[in-house]
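Below is one structure, written out as structure tokens, with a few remarks after it.
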Amino acid sequence: MTIQIKTKSGEVKQYSTVAERLHALHEAGKVLEVLESAPVQVGDGWIWRVRLTVDGLTYVGNAEVHLNSTNFAEKADPWATAETSAVGRAIAWSGYAGTPDNPSIASADEVIRAQAKVVDAPAFTEAEQAQLATIKQGIRTDQWTAFKVHVWGKRVEDDELTSGMLPRLQSAFDKLQKGGANGK
């Protein structure tokens with residue numbers, strides 16, 4: 001069942017679930033083999049990496065493990081949730097991504113969890129606001145967006161930042177400072 005989800009811009013897009021992607025792959029008679037499915041530590045965090053083949057071609061899917069999530073599914077079993085997302089991403093890379101009008105690598109499962117995090121995200125405490133301000137002061141204004149892309153591998157707007165993202169941002173900033181360049 002494809003799920004309609006309203007984006008931040010108000011546009012309604014269709015997203016497929018991981019289960020739908022698996023079903024479509026099997027219905028098409030494709031041969032799926034999971035070669036690897038395991039957690040990988042990255043800095044202070046974890047990702048789940050899945051390496052699989054579809055008709056002999058290899059695809060990799062990664063998903064962040066959210067150990068301290070308040071989201072019900074992630075809180076109950078963050079490892080399994082991340083593995084499911086990683087499987088969905090690997091299958092998406094094999095050509096079974098999204099819907100014809102929205103060929104998204106992200107599955108409906110991921111988008112729903114991400115939207116729940118935005119709703120549940122606590123406001124920054126005063127200490128966290130001060131921490132973020134200190135980091136921002138240490139990065140040139142014209143480099144701030146690029147710095148966040150470097151940290152997360154994608155563009156993240158300031159209004160999307162949450163308190164749970166600060167440790168990773170701080171770690172990247174500390175590494176930048178140790179490298180001798182303060183971005184100014």
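The values are calculated or read from the model by the stated rules, or taken from the named source; none is laboratory data. Being a predicted model, the structure only gives us computed values, none of them experimental. Every residue, glycine as well, gets a Cβ built from its backbone with ideal geometry; the counts of neighbours run over all protein chains shown.
Do we have any residue at all in the range 74-96 that's without any contact (Cβ under 8 Å) to a residue 12 or more places away in the chain and assigned to a strand (DSSP E or B)?
No: the range 74-96 contains no residue that is without any contact (Cβ under 8 Å) to a residue 12 or more places away in the chain and assigned to a strand (DSSP E or B).
Please state which one of Asp159, Asp120, Asp109 is at pLDDT 65 or above and acidic (Asp, Glu).
Only one candidate qualifies: Asp159.
Matching residues to (1) surrounded by 13 or more Cβ atoms within 10 Å (Cβ to Cβ); (2) of a type in the set (Gly, Ala, Ser); (3) modelled with pLDDT of 95 or more; (4) not assigned by TED's automatic domain parsing to the domain that holds Ala92:
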residue: Glu11; (1), (2), (3), (4): no, no, no, no
residue: Arg21; (1), (2), (3), (4): yes, no, no, no
residue: Ala24; (1), (2), (3), (4): yes, yes, no, no
residue: Ser37; (1), (2), (3), (4): yes, yes, yes, no
residue: Ile47; (1), (2), (3), (4): yes, no, no, no
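Looking only at the range 136-143, decide whether some residue is part of a helix (DSSP H, G or I), within 20 Å of Asn62 (Cβ to Cβ) and at pLDDT 85 or above.
Narrowing the range 136-143 to residues part of a helix (DSSP H, G or I): 136-137, 141-143.
When the remaining residues are screened for being within 20 Å of Asn62 (Cβ to Cβ), the result is none.
Taking every residue of the range 136-143 in turn, none turns out to be part of a helix (DSSP H, G or I), within 20 Å of Asn62 (Cβ to Cβ) and at pLDDT 85 or above.
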